[in-house]
1. Please find the FRET efficiency linking residue 158 to residue 96, where r is the Cβ-Cβ separation and R0 is fixed at 41 Å, and quote it to the nearest 0.05.
2. Please say if region 74-146 is rounded, prolate or oblate, where rounded means a/c under 1.5 for a ≥ b ≥ c the square roots of the C-alpha gyration tensor eigenvalues, and otherwise the choice is prolate for a/b larger than b/c and oblate otherwise?
3. Where does each of 72-79, 165-172, 117-124 land if you order them by average Cβ count within 10 Å, highest first?
4. If I model a spin label as a point 7 Å beyond the Cα along the Cα-Cβ vector, how far apart are those points for residue 114 and residue 64 in nm?
5. For residue 141 and residue 106, FRET efficiency with R0 = 41 Å and r from the beta-carbon atoms, rounded to 0.05?
6. Relative to the present Cα-Cα distance, how much length would full extension add between residue 149 and residue 24 at 0.36 nm per residue of separation?
7. What area, in nm² and to one decimal, does the C-alpha convex hull of the chain cast on average over all directions?
8. Counting alpha carbon pairs within less than 8 Å and at least 6 residues apart, what relative contact order, in whole percent, applies to region 21-160?
């Protein structure tokens, strides 16, 4: 009887330690932004201000994590209203027809201390393409304000706008083909 009880207790602890945890983005401490070069001489930055992101993992170091994020294209903000309206138009994101952009990870590979290559599918402007992002796991702490666990991540990478059919009327000498993306933030354990 004792052996059975110990076996059940061990199994319960094993299952609990392997349980999947879900982490939701703290939107007050996160950003989803992009940088593009204009006329070869200046950088224009923008962000999607309406977004959501989730991380799920069974390991404390997040080495088996999956990442998902969704952004609303109509929330694009570059700090210039006229430019934002143009970016929402069919010339670029066509926010009316393609209201969301999504990323869903497919794999994660260690690439140094707290660094990973995050592979996944990015859907933008109705086109889905595989992308690889550099992921930095910045650590896990107990948030001093709410006393809950929080983890920090930064994902960066570069995509080609032509791969997604964005801004095809604008040549690379006017608007760079490459667009740098950055997703950065804190995630609270649910």
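What follows draws every value from the coordinates through simple rules; no lab data is involved. Since the structure is predicted, the reported quantities are computational estimates derived from the model, not experimental observations. Cβ atoms come from the backbone with ideal geometry, glycine included; neighbour counts cover every protein chain shown.
1. Using R0 = 41 Å, I get an efficiency of 0.90.
2. Verdict is oblate for region 74-146.
3. So the order, starting with the most tightly packed, is 117-124, 72-79, 165-172.
4. 2.3 nm
5. That gives a FRET efficiency of 0.90.
6. Full extension from residue 149 to residue 24 adds 43.9 nm.
7. Over all viewing directions, the chain projects a mean Cα-hull area of 13.9 nm².
8. 14 percent
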